[in-house]
Amino acid sequence: MTDQDTARPTDHDSPWKEALEYYFQEFTQLLFPAIHDEVDWSRGYTPMDKELQQITADAESGRRHADKLIKVQARDGAETWVLIHVEVQGEPEDPFAERMYTYQYRLRDRYGIDVVSLAVLADTRSSFRPMCYRYARWGCELSFTFPTAKLIDWEERWPELEASENVFALVVMAQIRAKRLRQGGTRRDAKVALIRLLYQRGYSREQILRLFHIIDWMIQLPKGLEREFLETVYAIEEENQMPYINTAERLGRQEGFQKGLQEGRQEGRQEGRQEGRQEAARDTAINLLKLGVLPDEQIAQVTGLPLDEVKALHPDPSH
């Protein structure tokens with residue numbers, strides 16, 4: 001898509017990680033129901049991203065869309081806990097299955113606990129379905145299998161996704177549309193359809209804002225269609241009497257704000273004007289941090305501030 005907004009490169013990593021962290025129970029319920037039934041959800045779950053980074057720091061991880069490590073409690077009454085490692089693969093890779101095994105044995109070796117590895121295949125190659133890693137030589141043999149969910153298989157069950165009360169169905173639909181559709185107009189229409197469905201489900205304001213952010217980040221549009229898309233969203237809000245996405249303007253989507261930031265970068269040598277724009281960008285970043293909807297990396301992209309400066313603007317937790 002040559003006319004796509006290059007200021008926000010296509011990146012399925014951030015929205016998937018956010019979706020998995022907030023909707024992990026719904027994720028397993030939709031894509032891995034057998035595993036969902038084995039978890040004691042009344043005891044909650046805990047993301048363990050730092051632990052995952054420690055065991056993958058020197059691994060040849062290749063290109064992946066997202067990986068998450070979640071600690072859950074099993075329903076069998078055991079005191080032990082189970083780590084569920086989720087790998088969302090965006091493009092076919094021959095060493096994928098081997099990497100899944102590498103992460104598996106490193107986690108088990110470090111923590112000495114049961115590790116369940118799950119693979120979500122977000123690519124569009126029907127034949128790419130790794131489910132097992134095997135190794136054998138001279139009587140020494142290893143076989144490692146892992147559950148896999150191929151998202152394009154849900155295309156034949158699209159009405160089921162549309163009718164589903166599971167919020168993760170919207171994430172799956174957004175990912176499929178993002179991978180399948182290339183032409184700007186069709187992407188816009190698909191995105192509008194998902195946003196309309198989002199409002200029709202009667203979610204809370206917080207849910208709508210979070211899911212809007214995930215869908216918006218997955219299905220990116222050419223700059224020329226952004227304003228038209230937002231106007232359509234505002235019309236949907238009026239129909240449903242839910243004026244939420246005016247908050248999206250505060251998140252940096254307002255055209256005038258984006259244009260001002262762009263001009264600020266182009267005219268950066270004019271110190272007085274530049275300082276004023278930087279101050280405005282910092283104020284915007286502070287407001288976004290208070291909302292708690294966007295990650296630091298995206299706030300940095302929206303405001304034009306360095307990531308370190310955004311991190312330094314986090315509210316003091318002692319106040």
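Here are the numbers:
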{"read-out": "Evaluation of G184 against (1) under 20 Å from the mean Cα position of the chain (by Cα); (2) open to solvent by less than 20 Å² (accessible area, probe 1.4 Å) (one fails), failing number", "value": "(1)"}
{"read-out": "The listed residue being over 20 Å from I299 (Cβ atoms), modelled with pLDDT of 90 or more and touching a helix residue (DSSP H, G or I) at 6+ places or on another chain (Cβ under 9 Å), out of V192, V233", "value": "V192"}
{"read-out": "Residue match in the range 104-120 (condition: outside any helix (DSSP H, G or I), open to solvent by 60 Å² or more (accessible area, probe 1.4 Å) and in contact with a Ser or Thr (Cβ under 9 Å, 6 or more places away or on another chain))", "value": "yes"}
{"read-out": "Filtered residues of the range 144-163 (kept if open to solvent by less than 70 Å² (accessible area, probe 1.4 Å) and part of a strand (DSSP E or B))", "value": "F144, T148, A149, K150"}
{"read-out": "Complete set of residues in the range 145-167 that are free of Cβ contacts under 8 Å to residues at least 60 places away in the same chain and of a type in the set (S, T, N, Q)", "value": "T145, T148"}
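Each row is one residue, and each column tells you yes or no for (1) in a loop (DSSP other than H, G, I, E, B); (2) in contact with a strand residue (DSSP E or B) (Cβ under 8 Å, 6 or more places away or on another chain); (3) at pLDDT 90 or above.
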residue: R64; (1), (2), (3): yes, yes, no
residue: G77; (1), (2), (3): yes, no, no
residue: L83; (1), (2), (3): no, yes, no
residue: D94; (1), (2), (3): yes, no, no
residue: Y101; (1), (2), (3): no, yes, yes
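The values are calculated or read from the model by the stated rules, or taken from the named source; none is laboratory data. Computed from a predicted model, the values in this text were never measured in an experiment. No Cβ is skipped: glycine too gets one built from the backbone with ideal geometry, and neighbour counts run over all protein chains shown. With ligands, DNA and RNA removed, areas are computed over all heavy atoms of the protein, side chains included. Shrake-Rupley method; radii C 1.70, N 1.55, O 1.52, S 1.80 Å.
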